[in-house]
Amino acid sequence: MGEVKITGDIKIGGDNPCFIIAEVGQNHQGDIEIAKKLIKAAKEAGASCVKFQKTCLKEKFTKKYLERTYDNPNSWGKTYGDHKRHLEFSEAQYRELFKYAQEVGIPFTASAMDMVSFDFLVNLKVPFIKIGSGDSNNLLFLKYAASKMVPLIISTGMVDKSAVKTIYDIVSANHKRFCLLHCISAYPVPFEDCNLTVLQDYKNTFDVPVGYSGQELGTAVGLAAVALGAKVLEKHITLDKTMKGTDHVCSLTPAEFKQLIRDVRVIEASLGTPIKKVVTSEIPCIDKLQKSLVMGCTKNRGEILYPGDVKIKVAEPKGLNALHFDEVIYKTLVYDKKEDEPLNEGDFC
Ligand SMILES: CC(=O)N[C@H](C=O)[C@@H](O)[C@H](O)[C@H](O)COP(=O)(O)O
Ligand SMILES: C=C(OP(=O)(O)O)C(=O)O
């Protein structure tokens, strides 16, 4: 799996640290001040980027769908259209947020929920555009997005592997500056449905970086995703999980996000090499507690070392590494040796 160069500063995949997206989505409640607080929180938590969702309502939804009543505790209006209008920032507000993120010092982007929004984001010059799972079956949009030659991060919730292959084929026919995220679109996802090992299959099938967009509770699954090779990790961020809104429940607070990133970095550092070897940091413990070969009794030069004559102990000074036990027995002592004295090379022949 190669590396994808998103911008001069942002590279994903290969040996690069996992790219961690703080997904604000619509957790800003339609309030630009909350949105700014979330941008700041994402920066302070150490996220690689902060992400919103840009929608042109009449492009994404039919008229009838927008008129349908949205009668649930997470609704911001009588109809789904009212609800979404409340949550949708204007283009001017997007520019303001983009600028704010620049001031704060964190890359800013959004998912494009339709072609109009895609064009807007291209003009805004975001580093990459996210295509969410709502478009994983929207091949027209994927072809359009791929033809624009901008880096993409594409989520694959709500479809099966054959559709993911189609997505891969469509985009890679245009360019390879994209990543595929395994995703299950449920809020929250039951742990049994996360099917994280799909990541291994993605890694084996696709020659672009793969990652995980997690809608489950907590941080454990995201951490496991990184251990399984996710090079992008996306989680929702919220100021308060009890706020009104569909996604707050499966989001992380700024403190949890910070902890997640700290733990991701620990996991990355700890994955290391598959070659089992003794490492430098073990030397003090080897010196202190590793066992070596010592005399189990007092014997004189010329005597044979029978199995019961050699013991394995933590010794000072050390003898031969205890792994050499079989090479020592039935050898003849060259020197007189007292009980507990270490046995070293040259002490027997
Ligand atoms: C599939 C998809 O787009 N999912 C997004 C990303 O995870 C979500 O944030 C939805 O926008 C959100 O759950 C919609 O909630 P409501 O319908 O209450 O506005
Ligand atoms: C729907 C989105 O993401 P995902 O499918 O990864 O949850 C999104 O980013 O807007």
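When segment 189-207 is filtered for residues that are within 16 Å of ligand 1 (Cβ to nearest atom) and under 20 Å from residue 131 (Cα atoms), the ones remaining, listed by number, are 189, 194. In summary, helices (runs of 4 or more DSSP H) completely within segment 20-81 and bearing 2 or more residues that are within 16 Å of ligand 2 (Cβ to nearest atom), at pLDDT 95 or above and not aliphatic (A, V, I, L, M) occur at 57-60.
Residue-by-condition table, conditions (1) within 26 Å of residue 232 (Cβ to Cβ); (2) touching a residue at least 24 places away in the same chain (Cβ under 8 Å); (3) among the basic types (Lys, Arg):
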| site | (1), (2), (3) |
| --- | --- |
| 11 | yes, no, yes |
| 21 | yes, yes, no |
| 37 | yes, yes, yes |
| 41 | yes, yes, no |
| 69 | no, no, no |
| 80 | no, no, no |
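From the list 53, 29, 93, the one residue that fits, being buried (at least 16 other Cβ atoms within 10 Å of the Cβ) and out of contact with any strand residue (DSSP E or B) (no Cβ under 8 Å at 6 or more places or on another chain), is 29. Of all the residues in segment 7-26, those that are among the β-branched types (Val, Ile, Thr), away from ligand 1 (no atom under 16 Å from the Cβ) and surrounded by 24 or more Cβ atoms within 10 Å (Cβ to Cβ) number 1.
Residues that are of a type in the set (Asp, Glu) and within 17 Å of the chain's Cα centre (by Cα) were ranked within segment 190-221; the one that is nearest to ligand 2 (Cβ to nearest atom) is 216. Within segment 156-189, the set of residues being under 20 Å from the mean Cα position of the chain (by Cα), within 25 Å of residue 217 (Cα to Cα) and not hydrophobic (A, V, I, L, M, F, W, C) comprises 156, 157, 182, 185, 187, 188.
Residues checked against (1) of a type outside the set (A, V, I, L, M, F, W, C); (2) surrounded by 16 or more Cβ atoms within 10 Å (Cβ to Cβ); (3) over 21 Å from residue 153 (Cα atoms):
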residue: 39; (1), (2), (3): no, yes, no
residue: 72; (1), (2), (3): yes, no, yes
residue: 85; (1), (2), (3): yes, no, yes
residue: 88; (1), (2), (3): yes, yes, yes
residue: 103; (1), (2), (3): yes, no, yes
residue: 133; (1), (2), (3): yes, yes, no
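The set of residues from segment 289-304 being assigned to a strand (DSSP E or B) and hydroxyl-bearing (Ser, Thr, Tyr) comprises just one member, 292.
Looking across 111, 117, one residue alone is small (Gly, Ala, Ser), assigned to a helix (DSSP H, G or I) and modelled with pLDDT of 95 or more. It is 117. For residue 276, the criteria (1) assigned to a loop (DSSP other than H, G, I, E, B); (2) on the phi < 0 side of the Ramachandran plot; (3) in contact (Cβ under 8 Å) with a residue 12 or more places away in the chain hold in every case but one, which is (3).
Of the residues in segment 305-318, none is surrounded by fewer than 12 Cβ atoms within 10 Å (Cβ to Cβ), within 44 Å of the chain's Cα centre (by Cα) and outside any loop (DSSP other than H, G, I, E, B).
With respect to the conditions (1) touching a residue at least 24 places away in the same chain (Cβ under 8 Å); (2) within 16 Å of ligand 2 (Cβ to nearest atom), residue 138 lacks only one, and its number is (1). Tell me which residues, restricted to segment 26-69, are farther than 30 Å from residue 263 by Cα, aromatic (Phe, Trp, Tyr) and within 34 Å of the chain's Cα centre (by Cα). Residue satisfying the conditions is 61 alone.
The values are calculated or read from the model by the stated rules, or taken from the named source; none is laboratory data. Since this is a predicted model, take the numbers as computed values, not measurements. Every residue, glycine as well, gets a Cβ built from its backbone with ideal geometry; the counts of neighbours run over all protein chains shown.
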